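Working notes for the structure below.
The values are calculated or read from the model by the stated rules, or taken from the named source; none is laboratory data. Small disclaimer: the values here were computed from a predicted structure and weren't measured. Using ideal geometry, Cβ is built from the backbone for each residue, glycine included, and neighbour counts are taken over all protein chains shown. Heads up: the accessible areas ignore ligands, DNA and RNA and are worked out on the full protein's heavy atoms, side chains in. Shrake-Rupley method; radii C 1.70, N 1.55, O 1.52, S 1.80 Å.
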Amino acid sequence: MSRPAYELCTLLVDDTYGELTSRIFKALLCYGRQSLPALLHRTDLSYRLAKHGLSVLVQQHLVLWNTSSDDHLTLYEANTAVAYSLVRSGKYIKIAEAQAGEFAGKVLSNLLLLGHARVGDLVQAYGVGQSKSTHDGLAATHGPPSKSLSSMSSHVDGRLEEEIFTLESIHRTLCELLQAELVSRVHISHFRSDADNRIEAEKLVPKPEEYKAKSKREQDAQHEAVVQRKLKEWRFCTNEEEDEIEDLKKGKKRLHRDLETRRPGKRQRRYSPLGQEVIGTTGEDYQPMLEGTGYLDSNLILRVNHAKFAVLMRNDHLVDLADRMISTSTAGVYAQVLRTLGPKVQDCQVEAESPNDKDAEIELSALPQLSTDDLVCAIKDSSELANALGKLDDGRLNMAQFDHPKKRRKREVFSEDGEMVDGEASPEEEEDAFDSNAEETISDIASDPDEANGGAKFEPNALPGFLLDPHRDAIRDHLLVLAIHPMSFLHHFPKTPILPEQWTIDFSTLMKNITHHTLLETITSRHGLPAARLTRILFDRGKTDEKILCSTSLLAQKTMRSYLLPLHKAGMIGLQEVPRDNSRNPQRTNFLWFFDPERCKAKVLEETYKTMARCLRRARVEGEKVKGTVEKASRSDVIGKEDEFLGAQELEALNVWKDMDERIWGEVSRLDDLVACLRDF
Amino acid sequence: MASSTEEVPAKDEDITMTEPSGVSSPKELRNALYARCASFEEGHIFDQYELFAFDIIPDNSVEQLQAYTKQLAKDGLFKLMTKDGKACWKVVKRADAIKYRSLSQDEALVYSYIEGAAREGIWSKLLRNKTNLHMTTMNRAVKSLENKNMIKAVKIVKYPNRKTYMLAKLQPSENVTGGPFYTDGTLDEEFVHQMSFWTERYIIGRSWWHPPLPEHKKKSSSKMTQGQAEELRAAELRQRGPGRDRSKAMLPMHPGYRGYPTLSEVTRAINGSGLSGVTMKESEMEQLLDILCWDGRLERIRHGKAYRAVKQVDGEDGVELGNGLTESPCGRCPVFEFCEEGGPVNAKSCEYFQEWLQF
Ligand code: SF4
């Protein structure tokens, strides 16, 4: 992260938690990881104040710390990722509301402000005692919020008091949040930096020498895999490995216990945020809100799970893109795909389980998949979908291309024997025929889709033994539209003799495409279309000499230069000098332009951080101007009676400021969308 | 690019040759030899044995052949060349030979190199290197050749600053002119724009489903003959131009749709449209389609075999513009780099922001 990013983080911390914390945070950012005495020296704070500030920061996960077991020295380190995500609080709350209801949004906003919290404390904060009747919603109490919460009630429009909370509803909400993985358990590793975690993990797992492997390299690879697994398990709070190691120590006991408790399958547990450890009950699969007993363990400590929020934000972004690039109906289907895949996607970053990517196909099939049937069940109404695709009059469609190669071959044989029912030419023949009589095939005449549908002549499923299912076909068609899009929204696994048709999303390719798209979008709107053209050429063709660039881009040399130079100046593209001989004479040097997406991305990100920081600064400046009025307006005796206490001018100023503030924050949120797209997805 | 007038003298020779001649003077023999060679296709290279095979040289004597070819070369009618160290010859047209004869030695040298470069042309610097003439001598020769209308200067698209020459009667090759997108060595931007505009509309019309327009009459669903269909389409084209505009209401085609235009289809369509005076080649159209792809207006589909229009396009006449960064004042700020808290340019005193906030 760069300086503007640091400035931005400091500003955010300052805005949210005040001056003391931001001062410490800034010192940690500027001078890096350090111990308390060093920090005291840097910040000129008293021991007590610094301790206090640090404890707040640690509570918020804004500062990571680690006490080394060797010298017992505690070192603190700023956590920029969490600091940055402060800007997303609003989005988080909205997402939580959408996922688990309005109340969930409130619980989440509390959790956001508290960093992490014990379930018991959270419940208590809403003023509901353990003893209250839980089955009787009517007998619920009006919970007077505790001090800490009332301080934030302004965030939720002061409506906190009006809510009716029952113990049950709080627990249910928390459960829902847990299940949606929006909140997760806190693990000690969450307080440590990645490097520290790695050191700790390496201490725990067996040394490389202990693995049974032929070569040193294999040993290292095995060791690495185990370390990664450990880290991942810490991150997602799945204790399986820990258990296993312990079980191994215990030997046979394990088998015994397994039989006794019938622990669910490994895979299942892996994705379940509610392992037994979470709720403190052993032996049974957890069901949210079991009658009377389904409360969460009040000692359970929860925090906001940023990774999952990023996934959800990414889903929204993807659906939005599909909407813009394809159509609204298709985007609807895509949203359902993403929802269905949801529980299987924990993190935007693709885990590099096997860094040596041998075969892309194999890797793809390792991704979470879903079958057409899953979606057909999930989507209830397809009437509108069927009419949302264009068809031709003659209904000649080439659906065979989506079949499994083997099946395609079989159909060919069919046609050779003259047994094809619908008399359709074999796909290969069609392909050949396609070019020659293309004139016929292309028709500009918009057809009545029902008619084309009714013909069913083209349906590949019309083979004997297949029932026509318009609902299923409509959905499948939209899925295929997504799959053939150059953005590769979806990956299609054709039906095979053993497996049903499957779909998956190859996120790494998709996100690469989207990042590229976003960068070029930025370039287009900043430098113009020809600049985007040049950049794309450089991307496609690699390093290119100006002459060739000129002739490929069909731009006059002067025009081209007038676009290249600003692009270069803005750091979007690079220029490499390749001397033709030792003289280093510019005349005897080739100049090659190139576009490095990574570099460009870093540059755009940095600029975005800086822009966000500028916006926040400006928001402050605007705030300063009306500071007096705002303070007056937020006095307890003035609230609600603004018209009485405030003059017309003051009211006007207040409104103008509110508009501006909204506008600036709106912009910051748009900027954050960009950061999310480029950095997090 | 031989003009037909030059063929005439060659024909004359044919007539003389057909006369049977018992004993011939060396001149007649020379002429006969020349005529025989000229009847071959232009640029054919003859070696010694081929010439003997004509059975014109008495007794196939090497000395005689040598004498004749020497004289012919002197007259400029034969060009002596070597191949694998052996002598061989090329025929020069009589009209050219006359021209040659009128040239000075330097001019002839320069001319021969320019001629050698054919339709590609030769760069003056290279010409000087090859002829090994002094700058002024060469310039003089070039000037006089130009005045005699035997060579011309052309502009090479790739190197517009290089003085390049070629024979006056030749049409510069496409490497030199840069193809149909260039006129006189400069890019014809208007033409490129026109062509890409048309192409884009054509592809838009064929790659998305445009929900029926209100005035659209339902066509009879019975199969029509190809002629009918074409007529119908022609009528539509006349009505609405080659394609349809990009719109938000466009719907995707069915995944099995096979009508996404391919390169050859687009080429055929554009040549059929009469938009361009010259016939476009596929390679040229590919260049144009590539440009449209790089502009983010088209995308390749079906493994790059066919093209489809991009539904939503940014920029220029684009509907949606950019993202959070490009729409904020700082994203377009000229002093962005210097803007810093406490610096001479900062967010507090920023006017761009003021403007933006008031919009
Ligand atoms: S705050 Fe103003 S001066 Fe600074 S970068 Fe933004 S627009 Fe430019």
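Here are some notes:
Yes/no matrix, rows are residues, columns are (1) more than 30 Å from the chain's Cα centre (by Cα); (2) open to solvent by 50 Å² or more (accessible area, probe 1.4 Å); (3) away from the ligand (no atom under 16 Å from the Cβ); (4) modelled with pLDDT of 80 or more:
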{"position": "B:Ile270", "(1), (2), (3), (4)": "no, no, yes, yes"}
{"position": "B:Ser276", "(1), (2), (3), (4)": "no, no, yes, no"}
{"position": "B:Met285", "(1), (2), (3), (4)": "no, no, yes, yes"}
{"position": "B:Ala309", "(1), (2), (3), (4)": "no, no, yes, yes"}
{"position": "B:Leu321", "(1), (2), (3), (4)": "yes, yes, yes, no"}
{"position": "B:Cys333", "(1), (2), (3), (4)": "yes, no, no, yes"}
{"position": "B:Gly342", "(1), (2), (3), (4)": "yes, yes, no, no"}
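- Close contacts from region A:605-628, counting a first residue that is within 11 Å of A:Leu11 (Cα to Cα) and a second that is within 11 Å of the ligand (Cβ to nearest atom) and among the hydroxyl-bearing types (Ser, Thr, Tyr), with Cβ to Cβ under 9 Å and a gap of 6+ residues or different chains, come to A:Met612/B:Ser328; A:Arg614/B:Ser328; A:Cys615/B:Ser328.
- Subset of region A:474-496 [farther than 19 Å from A:Ala331 by Cα and touching a His at 6+ places or on another chain (Cβ under 8 Å)]: A:Pro494, A:Lys495, A:Thr496
- Answer from B:Thr137, B:Thr131, B:Thr186 - the residue that is out of contact with any Ser or Thr (no Cβ under 8 Å at 6 or more places or on another chain) and within 14 Å of another protein chain (Cβ to nearest Cβ): B:Thr186
- Looking at region A:318-385, the helices (runs of 4 or more DSSP H) lying wholly inside it that each contain 2 or more residues that are modelled with pLDDT of 70 or more and touching a helix residue (DSSP H, G or I) at 6+ places or on another chain (Cβ under 9 Å) sit at A:328-341, A:372-378.
- Close Cβ contacts (under 8 Å, 6 or more residues apart or on different chains) running from residues in region A:525-552 that are in a strand (DSSP E or B) and buried (at least 19 other Cβ atoms within 10 Å of the Cβ) to residues that are modelled with pLDDT of 85 or more and of a type in the set (A, V, I, L, M, F, W, C) comprise A:Thr544/A:Ile537; A:Thr544/A:Leu538; A:Thr544/A:Leu592; A:Thr544/A:Trp593; A:Thr544/A:Phe594.
- The test for being within 16 Å of the ligand (Cβ to nearest atom), under 27 Å from the mean Cα position of the chain (by Cα) and open to solvent by 60 Å² or more (accessible area, probe 1.4 Å) does not hold for A:Glu598.
- Residue list for region B:146-165, restricted to those being within 14 Å of chain A (Cβ to nearest Cβ) and touching a strand residue (DSSP E or B) at 6+ places or on another chain (Cβ under 9 Å): B:Lys155, B:Ile156, B:Val157, B:Tyr159, B:Pro160, B:Arg162
- Any hit, region A:622-645, residues being buried (at least 17 other Cβ atoms within 10 Å of the Cβ), within 16 Å of the ligand (Cβ to nearest atom) and either under 37 Å from the mean Cα position of the chain (by Cα) or closer than 21 Å to A:Asp672 by Cβ (or both): yes
- Residue match in region A:199-215 (condition: out of contact with any Lys or Arg (no Cβ under 8 Å at 6 or more places or on another chain) and either modelled with pLDDT under 65 or open to solvent by less than 20 Å² (accessible area, probe 1.4 Å) (or both)): no
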